[in-house]
Amino acid sequence: MSEIFRRIRYLINRRRLDAELESDMEFHREMAARAGRSNFGNALRMREQAQEAWGWTWLDRLVQDLRYGVRILARSPGFTLIAVLVLAIGIGVNVAAFSLFDMVALEPLPVRDPDSLVRLERRSPQNQTDEMPYQSALFYGPNAKTLSAVMAVLGVPPMQFDDDLIPTSTSFVTPNYFTELGTAPAAGRLLDPKLDGTASDAPAAVLSYGFWQRRLGGNASVVGSVIHIDKKPVTVVGILPYAFASLGGQRPDIWLPIAQQPYIIEGSKILTDPSAPSVRLWGRLAPGVTAQTAGQELLALTNELRKQRPKDIWEKEYIHIAAGGHLEVMQPYMYRVAAMVAVLTFLILAVTCANLGGLLLARAVTRTHEMGIRIAIGAGRARIFRQLCTESLLLALLGASAGLALGYVVLRVTLDQSDSPKWLSATPDWRVLLFTLVIMVAAAVFFGLAPALQIARQRQHRTIARQIVVGAQVAASCVLLIVAGLLVRASQHALYSDPGFGYRQLISIDPQLSRHGYTPAAARAYLDQMESRLRALPGVQAVSLVSLPPMGHSQSRFSQDVPGHSIDVYPNSVQPDFFSTMGIPLVLGRTFFPGEKNAVIVSQSFARQAWPTQTPVGQKVVNGDDTDIVIGVAGDARINALTDDDATEEYWAAQPNDLPGMTVMVRGAGGLDSLPEAAKSIGESLDSRVFPEIRKLAGLYHERVSVVEQIANIVSLIGLVAVLMAGIGIIGLVIFTVSQRTKEIAIRIALGASRVRVLTAVLRQFAWPVAVGLIAGTGIAAAGSRLLRKILFGISNFDLAGYGGAIGVLVAIILVAALLPARRALRLDLAKILHYE
């Protein structure tokens, strides 16, 4: 304790004690002179030793090192500017990527008590879904004492607003939804359990702020007016705020009370069907209750519900509780995408640090004289090492500050240009600042440690560190270039290759008969009439039915056991003429007979994986309790697997029970502009309650693949930046190598060796690190392409064009980076060099 007080005393009385120390040293210097001793010793070192006894000298030295570091960096503005810019790019890319992840997965929603919000999902050892029957939600709500509130959201396909041809996105919610989120209206009121909780209440609607501004001109008189949703009149009771944050990232234009769903969608029985998963469920934990305690109670309630409805509850079913107060619940595939982005951005930082480390090594040549003088006057190697590390930290601080600003600008532009939730802000929070601090320190260690060690030990002439730096640069740049090339190839493949069906001349018409309570017989009558009238329209070439249309709202996949292994299969139920309507060739066998059972048609990819050496037709496929016979093989068509290059699809003949959920596919000739309006009229004339959703597949296809194109463009830009930085780093290292060996080069040339031969010998030391870097980078990229193949469409495990192009570009850049300083070395003035040496 006395030691602490002594140090605090020195800190408080520092100026007085320093003055007394200086007076004492002056006295002893005079006494030594009177005694005839001219060598008093190193006064600076003795002063430092005395101050060390008092404590806090580390603070003085830190301030001294910082001041000296600032002077050194200010003395070389060109080097400092380049170093800060390089670091800003490397750190800024990482900050922007982490900020985006922070927004999606870590930052809580701007709602009331987001930490107590949870997402409820059905799970069992064999099944999982994020939806459950509304009847189950009604059971859990009042019976779960560990939950203070339960909120249900029923998402439905877009619905017709007034007389607009383009459908409008809508969502049904329990009336406590906005109350539990603590949302205040921008105008009017929001849904209220007392006013909108039952089917007998007056139909009400809440509009999103964007829809109100975009479609209704922001007119305040809209509140209280009547609009029509699928021809049903509802009253607008309020407008949501501009920056409203919804659960699960849903952003419909119109919000409706869930009790009014049977009124809006006439004939619908989805709220009363105890076996139909329909709603997403959120809850709010009661005060003091943990998620584990709530999960135990919900398990007991699920077991009780099984006793009441044994057919509707899975075996060993339980309710999984996940954090619900964030923008999105991270699914496994999202973590794979986040991991891919993290690897790419860290590679950018690795290339950046390697570049800067090389530049610091090259700059060390100009500081050899300075370091020699400092060592000669008594500076220890540890002192020099600390000073160099302080300079690296200063550079890292400047680069991190610029990178933080760059990341903010990039993220702000991205949010402004994209259709992102309005409450999202690019302003960094404490997590982003902490991440920036950590990455700043890591970068300072990465790029500054090795040069500082070499300079402090006076071992600048060793080449192993430089070779390691070159190898790391080449490997990281190689990975980035190959990944960027694969993504560009994937984008081109998705945009310009045929997905296996003629999407350009197709429209889908989804009457959504199942949600209107149609029976199979009624659906058959409706669809027969629609098909007949559609075929009579001019320009219509073919009409057929399918359960899961291309790029629809739902997709199904299961694991199919085949001899020796299993295959992920995309199933579908179709009419016999579906293949001709879609333009899918039948390669082997035949199509279905109407209503045929225990028969299946498989895609070429499925047949190739299941029976590589056998004839597919006649083979047996086991699906549950049924055994189907393969009657035909269709061409690969990514009906439900647009992002899967294998297209392992199975088709069955549509059965009567499938009809209420089937979609009509229409192939037209020439333009399709008149078909949507005609199809809308036909649908409404057959049943005034039904409003078919009509979509052109060409537009849907390009919307889907545009995501791939955007990712490819971003990663391509990242790869280009990384390679340019790698080129700068390699140029710096080669310049450093040449400058280190100028005397040797001059002597060899003076003795008769050709300049080219001498430089070839000098640069040969970089051959093996470049080769090792290329091999390592190619191997890492090959491993990473397996992950990319699961995420993006059109990426093969080993694309010769993608790999070869990326490696060729990188080798060309490396050659240019080596030849530029080599040309400079060829012009050395030998006389001046030898005279100086």
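Accessible surface of Phe579, taken over heavy atoms with a 1.4 Å probe and every protein chain present, rounds to 10 Å². Quick one: grab the alpha carbon gyration tensor of segment 521-607, order the square roots of its eigenvalues as a ≥ b ≥ c, and give me rounded if a/c is under 1.5, else prolate or oblate depending on whether a/b is larger than b/c. Since a/c reaches 1.5 and a/b is larger than b/c, the shape of segment 521-607 is classed as prolate.
Charge tally for Gln505 (other residues, Cβ to Cβ under 14 Å; Lys, Arg +1; Asp, Glu -1): +2.
Quick check on my link table: of Lys194/Lys311; Lys145/Lys194; Lys194/Lys269, which ones sit more than 26 Å apart, alpha carbon to alpha carbon? Too far apart for the 26 Å limit: Lys194/Lys311. For Tyr518, neighbours were defined as the other residues whose beta-carbon sits under 14 Å from its Cβ, and their charges (Lys and Arg +1, Asp and Glu -1) total -2.
In this view, the solvent-accessible surface of Trp768, computed with a 1.4 Å probe and all protein chains in place, comes to about 130 Å².
In the context of the full set of protein chains, residues of segment 504-651 present 43 Å² of accessible surface per residue (probe radius 1.4 Å, heavy atoms only). For Ala96, the shell of other residues with beta-carbons less than 12 Å away shows a net charge of 0, using +1 for Lys and Arg and -1 for Asp and Glu. Couplings for segment 310-327, taken from phi via the Karplus curve 6.51 cos²θ - 1.76 cosθ + 1.60 with θ = phi - 60°, read x, 7, 9, 10, 5, 5, 6, 6, 8, 9, 7, 9, 10, 4, x, x, 10, 4 Hz in order; Gly and Pro are left as x. Rounded to the nearest 0.05, what FRET efficiency do Ile747 and Ala184 have when you use their Cβ-Cβ distance and R0 = 60 Å? Taking R0 as 60 Å, the efficiency between Ile747 and Ala184 is 0.15. For Thr760, the accessible surface of its heavy atoms amounts to roughly 70 Å² (probe 1.4 Å, protein chains only, rounded to the nearest 10).
Would you mind giving the average projected area, over all directions, of the Cα convex hull of segment 564-637 in nm² with one decimal?
That works out to 5.0 nm².
The values are calculated or read from the model by the stated rules, or taken from the named source; none is laboratory data. Note that this is a predicted model, so its numbers are computed, not measured. With ideal geometry, Cβ positions are generated from the backbone for all residues, glycine too; neighbour counts draw on all protein chains shown. We work out accessible area using only protein heavy atoms, side chains counted, and drop any ligands, DNA or RNA first. Shrake-Rupley method; radii C 1.70, N 1.55, O 1.52, S 1.80 Å.
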